[in-house]
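Visitor: My structure is below; once you've seen it, I'll send some questions.
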Amino acid sequence: MKNYVKQITELNGNQVFMKSTEQVNKIIHNLIDGGCGKLQVVSDFDKTITKQHENGKLHISSFGMFSRCPSVSEDHIKMNTELTKKYAPVEVDPNISMLEKKILMEEWWSLSEDSLKGMRVSPEEIARVCAELGPSLRSRTKEFFDELYKAEIPVLVFSAGLGDTVVAVLKHCDVHLSNVEVVSNFLKYDNEGTIVGFKNSIIHTYNKNEFAIKGSDFYSKVADRDNVILMGDTLGDANMVEGMEHLSSVLKIGFLYERSEEALPSYMDTFDIVLIDDQSMNIPMAIFNLIKNNEITQSTKLGNE
Ligand code: MG7
C-alpha cells in the first residue's frame, strides 16, 4: 500500500498528531479510490472555519458577533453574560455525564432563545456588523472553498452557533458558494421584523448529529457520497456525521488550541488527525489536492489507453 501519509509533507510537521498513521493512510487510500464524485466535506464553523486565535486574542464566536449589533438590548447582553458564565464551564466539564450535559445545554440554548425574543435586529444590521468585525477565516480557506466548488463537492457547515452570523461571515468572505449549505440555529422573525425565536429545533454542542442533518437539503445531495473529510475543534464535532448511514470512510481532522497538552490524548482518540495551533486549511487542502490530482492522473491514463 502506498504511503500517502509520508507523501503529504504537511502531515509530517511537528504539530501533527495521529493515533494510527496506518489507519489515516487507509482512509486516505479509500478517499482517493472514491475520488471527487464520492466525496463530501462536513465542517464546524466557530474556531474551525474561523481562526482559533489571532494577534494574541481568541476569536469572536457567531453568538458573540450578534451581541455586538447596536440594536441588541442591554438586557439581552446582561442575560447572555450570566448564562454564559453559568453554562459554558458545564459544556467542557469532563466530570459531568453526557446525559446531564445534554439536558443543561438544551436549557442554555433555550434560555438564550428566550432572551432573543422581542428584539428587532435586522438581517441587514447583522450583515453590516459581521462585515465590520470581519473575523478572519483560517488562512487559505477561500482557496480551499474555491477548489471544492470547482470540483462540485458538497460542503456542509454545521454549527451549534447562530446561523445568521455564520452565513453573514461566509458571504462577507466570499465563500458562501452554491455547493455550501449551512445547518445551524437561524433566527425567526415575525412580519414586523421582531425576533420570535429560532426557526427550527435547537442545535447544541451535544445533539449536533443526524437529527439536524436528516431533514436538510444537504442530506439528499450527499446520498451517493460515502466519503467525508470532517473538520472540527471540539470533541462533539467528531459525531457530526453519525447519522449518515451510507458512509464508508470518514477522515476526521481536529483543530486543537486551548489546553492542548491536557486535551491531546482525548483528541487523538476521537480524531484521526489532530493539529495543534494550526490556523490554516493547509492540511485539509493537501489531502483534497491528492484526491483531485489522483483523479486527473487516472483519467489521463484511461484517456491514453
Ligand atoms: N454558546 C452557546 N450559546 C451561547 C449564547 O447564548 N451566547 C454566547 N455568547 N455563546 C453561546 O458556536 C457554538 C458555541 O457557542 C457558545 C447558547 C457555546 O460555547 C457553543 O459551543
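Visitor: So how many residues does region 1-54 have that are of a type in the set (D, E, K, R), surrounded by 17 or more Cβ atoms within 10 Å (Cβ to Cβ) and over 22 Å from R225 (Cβ atoms)?
Guide: Count: 3.
Visitor: Across region 167-187, which residue is surrounded by the fewest Cβ atoms within 10 Å (Cβ to Cβ) among those that are assigned to a helix (DSSP H, G or I) and aliphatic (A, V, I, L, M)?
Guide: L170
Visitor: Could you identify the single residue in L302, L247 that is part of a loop (DSSP other than H, G, I, E, B), out of contact with any helix residue (DSSP H, G or I) (no Cβ under 8 Å at 6 or more places or on another chain) and of a type in the set (A, V, I, L, M, F, W, C)?
Guide: Selected residue: L247, the only one of L302, L247 that is part of a loop (DSSP other than H, G, I, E, B), out of contact with any helix residue (DSSP H, G or I) (no Cβ under 8 Å at 6 or more places or on another chain) and of a type in the set (A, V, I, L, M, F, W, C).
Visitor: Now for a separate question. I want to confirm something. Restricting to region 69-95 and keeping residues that are within 20 Å of V121 (Cα to Cα) and either in contact with a strand residue (DSSP E or B) (Cβ under 9 Å, 6 or more places away or on another chain) or without any contact (Cβ under 8 Å) to a residue 40 or more places away in the chain (or both), which single residue is nearest to the ligand (Cβ to nearest atom)?
Guide: Step by step, filter region 69-95, then rank; the result is N80.
Visitor: What number of residues in region 218-243 are touching an Asp or Glu at 6+ places or on another chain (Cβ under 7 Å) and more than 9 Å from S43 (Cα to Cα)?
Guide: 4
Visitor: Show the residue pairs meeting these rules: Cβ distance below 7 Å; 6+ apart or different chains; first residue within region 176-205 and within 23 Å of L104 (Cβ to Cβ); second residue surrounded by 15 or more Cβ atoms within 10 Å (Cβ to Cβ) and hydroxyl-bearing (S, T, Y).
Guide: Cβ pairs passing all conditions: V183/S216; S184/S159; I203/S184; T205/T234.
Visitor: Does region 149-166 hold any residues that are more than 18 Å from H59 (Cβ to Cβ), assigned to a helix (DSSP H, G or I) and either touching a helix residue (DSSP H, G or I) at 6+ places or on another chain (Cβ under 7 Å) or among the basic types (K, R) (or both), and which are they?
Guide: K150
Visitor: Could you please find all residues in region 50-68 being among the polar types (S, T, N, Q), away from the ligand (no atom under 12 Å from the Cβ) and within 22 Å of S159 (Cβ to Cβ)?
Guide: Listed by number, the list holds a single entry, Q52.
Visitor: List every residue pair whose Cβ atoms lie under 8 Å apart, where the two residues are 6 or more positions apart in sequence or sit on different chains, the first residue falls within region 96-116 and is touching a residue at least 60 places away in the same chain (Cβ under 8 Å), and the second residue, located anywhere, is of a type in the set (D, E, K, R).
Guide: Within 8 Å, the pairs are K101/E91; K101/D93; M105/E91; W108/K86; W108/E91.
Visitor: Of all residues in region 96-131 being under 12 Å from Y206 (Cβ atoms) and not in a helix (DSSP H, G or I), which is farthest from the ligand (Cβ to nearest atom)?
Guide: S97
A short reminder: the numbers here are calculations on the coordinates, not readings from a lab. Quantities reported herein were computed from a predicted structural model and do not represent experimental measurements. Every residue, glycine as well, gets a Cβ built from its backbone with ideal geometry; the counts of neighbours run over all protein chains shown.
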